[in-house]
1. Look through the range 42-91, keep the residues that are under 26 Å from GLY169 (Cα atoms) and small (Gly, Ala, Ser), and return whichever of them is least open to solvent (accessible area, probe 1.4 Å).
2. Looking at the range 124-148, which of the residues that are of a type in the set (Asp, Glu) and either at pLDDT 95 or above or open to solvent by 30 Å² or more (accessible area, probe 1.4 Å) (or both) is nearest to HIS180 (Cα to Cα)?
3. In this structure, does ALA178 turn out to be in contact (Cβ under 8 Å) with a residue 12 or more places away in the chain and either of a type in the set (Gly, Ala, Ser) or buried (at least 18 other Cβ atoms within 10 Å of the Cβ) (or both)?
4. With the checklist (1) at pLDDT below 95; (2) basic (Lys, Arg); (3) open to solvent by less than 60 Å² (accessible area, probe 1.4 Å) in hand, flag the one item ARG33 doesn't pass.
5. Scan the range 88-111 residue by residue and report those that are assigned to a helix (DSSP H, G or I), closer than 22 Å to ALA27 by Cβ and of a type in the set (D, E, K, R).
6. Pairs needed: first member in the range 150-170, assigned to a loop (DSSP other than H, G, I, E, B); second member anywhere, open to solvent by less than 50 Å² (accessible area, probe 1.4 Å) and of a type in the set (A, V, I, L, M); C-beta distance under 7 Å; at least 6 residues apart or different chains.
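The values are calculated or read from the model by the stated rules, or taken from the named source; none is laboratory data. Just so you know, these numbers come straight off a predicted model, no measurement behind them. Because the Cβ atoms are built from the backbone with ideal geometry, glycine has one as well, and the counts that use them run over all protein chains shown. The accessibility values were calculated without ligands, DNA or RNA, using every heavy atom of the protein model including side chains. Shrake-Rupley method; radii C 1.70, N 1.55, O 1.52, S 1.80 Å.
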Amino acid sequence: MKMRKKGGKNLQNRVTVKPKIAEKFRAFEKEGRVMFFSAPCGFGKTTVAHELLKGKAVLEITPKAFEMQEVPPVRKGFVLIDDLQMLHDEAAHARLVALIRENPQCRFVLLSRTKLPGWLIPFQISGLLISVKADEMFFDRSETAAFFETAGISLSEEKLSDIFRDGKGYPLVYTLFARHMKDGAEYNKKLIEE
């Protein structure tokens, strides 16, 4: 398995994109119109989206812009909208749907802490929406090992098993563990309690 590594010496600059998510993104680039990430806070939606979009023409639009009717014109490339769960107004939903329909030359990356809203389901049914759910963002054991290797942290099989068991595949937990371990902390129960 290959994990994409990016960034320099700083742990914050290192991003791990799971191969299945990278594969979905490539399919989205070729045939999709919308890529929808759905996961609670701390799963790395924003970080992964920025990594996938690195080096591409990206227009970031806030949900507030749709509610205030201040949506900038889109021409081509990618449109990134984070915190889609903050888009409550039905008229704003309609503006976003119209923007997607009227701009087939663009690809829309939508990030939300909630499930796919009903007003986007027509894009899913038509095969134009590719989704990434929270359970797809959890790391398995080998991805956990690759994450720590990317962070420059060497783990014994026993430590890897402990970290995987305690972190349960949750990306934010591993990031916090790695930060402490990069600062010289030993992985143990005390680190978990902190």
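1. ALA49
2. If we filter the range 124-148 for residues that are of a type in the set (Asp, Glu), which is where we start, we get 135-136, 140, 143.
Right, trim to either at pLDDT 95 or above or open to solvent by 30 Å² or more (accessible area, probe 1.4 Å) (or both) and you get 135-136, 140.
Working: ASP135: 25, GLU136: 26, ASP140: 21 Å.
Looking at residues that are of a type in the set (Asp, Glu) and either at pLDDT 95 or above or open to solvent by 30 Å² or more (accessible area, probe 1.4 Å) (or both), I get ASP140.
3. Yes; evaluated as a whole, the condition is true for this residue.
4. Single failed check for ARG33: (1).
5. If the condition is that a residue be assigned to a helix (DSSP H, G or I), closer than 22 Å to ALA27 by Cβ and of a type in the set (D, E, K, R), then ARG101 is the only one that fits.
6. Once the first residue is assigned to a loop (DSSP other than H, G, I, E, B) and sits in the range 150-170, its partners that are open to solvent by less than 50 Å² (accessible area, probe 1.4 Å) and of a type in the set (A, V, I, L, M) give ALA151/LEU11; ALA151/ALA178; ILE153/ALA178; ILE153/MET181; LEU155/ALA145; LEU155/ILE163.
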